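The values are calculated or read from the model by the stated rules, or taken from the named source; none is laboratory data. All figures in this text were calculated on a predicted structure; none of them were measured in a lab. Here the Cβ positions follow ideal geometry from the backbone for every residue, glycine too, while neighbour counts run over all protein chains shown. Ligands, DNA and RNA are stripped out before the accessible areas are found, and what is left, the full protein with its side chains, is counted by its heavy atoms. Shrake-Rupley method; radii C 1.70, N 1.55, O 1.52, S 1.80 Å.
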Amino acid sequence: MQSEFHAKLFARLVDVGEPRFNLAHERLLNMIIEADVLLGSAILLGTALTEDEWHTLSGIFDELIAYAKVHFAEEMDHLRTHGYPAADQHQANHDALVEELNFFQRKVMQNDDANINDIRRWLLEWLLGHVNSQDYDYAQYFAKIKAEPIG
Ligand SMILES: [Fe+2]
Ligand SMILES: [Fe+2]
């Protein structure tokens, strides 16, 4: 069952005007929450993660990185096809996120409990941080274009 905290995260995800991208964001958030359940219960109980749990977490990260890359590529394709003026900047934002994902993936692979809080904090932050500001920027841009009278 989903916690109230996690349900609130879904509620905070903005609509970016493209149903398939909204779905992709939800799918990414699902993976993040799966990882957060693991990390959160360890933090709450004050226990270390077992080797199995680190392994599970690493698997979630693999999936998260792979799917984030697919989503980023699809989004960039859409933005460039539709002439989004800030496409290069958006690409740079995605590239920076992939770097961060890889950085934290390496932290996960260290299996060091000292990193649990950092990993958790960042995991909960990056997706909403990007979607609700940088993706929302293109949503607003395209919504404005659509609303403008032709000619
Ligand atoms: Fe996105
Ligand atoms: Fe994006």
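Remarks
- Some residue of region 18-32 being outside any helix (DSSP H, G or I), more than 15 Å from V108 (Cα to Cα) and more than 16 Å from ligand 1 (Cβ to nearest atom): no
- Selection over region 1-16 of residues that are open to solvent by 50 Å² or more (accessible area, probe 1.4 Å), under 30 Å from Y84 (Cα atoms) and either more than 14 Å from the chain's Cα centre (by Cα) or within 14 Å of ligand 2 (Cβ to nearest atom) (or both) gives a count of 2.
- Cross-chain or 6+ apart pairs with Cβ under 8 Å, region 123-142 first and at pLDDT 95 or above and part of a helix (DSSP H, G or I), then near ligand 2 (Cβ under 9 Å from one of its atoms) and open to solvent by 10 Å² or more (accessible area, probe 1.4 Å): W126/L97; H130/N93; H130/L97; Q134/N93
- Restricting region 50-84 to residues that are among the β-branched types (V, I, T) and modelled with pLDDT of 95 or more, the residue that is nearest to ligand 2 (Cβ to nearest atom): V70
- I119 meets each of the listed conditions (1) away from ligand 1 (no atom under 16 Å from the Cβ); (2) touching a Phe, Trp or Tyr at 6+ places or on another chain (Cβ under 6 Å); (3) more than 15 Å from I33 (Cα to Cα) apart from (3).
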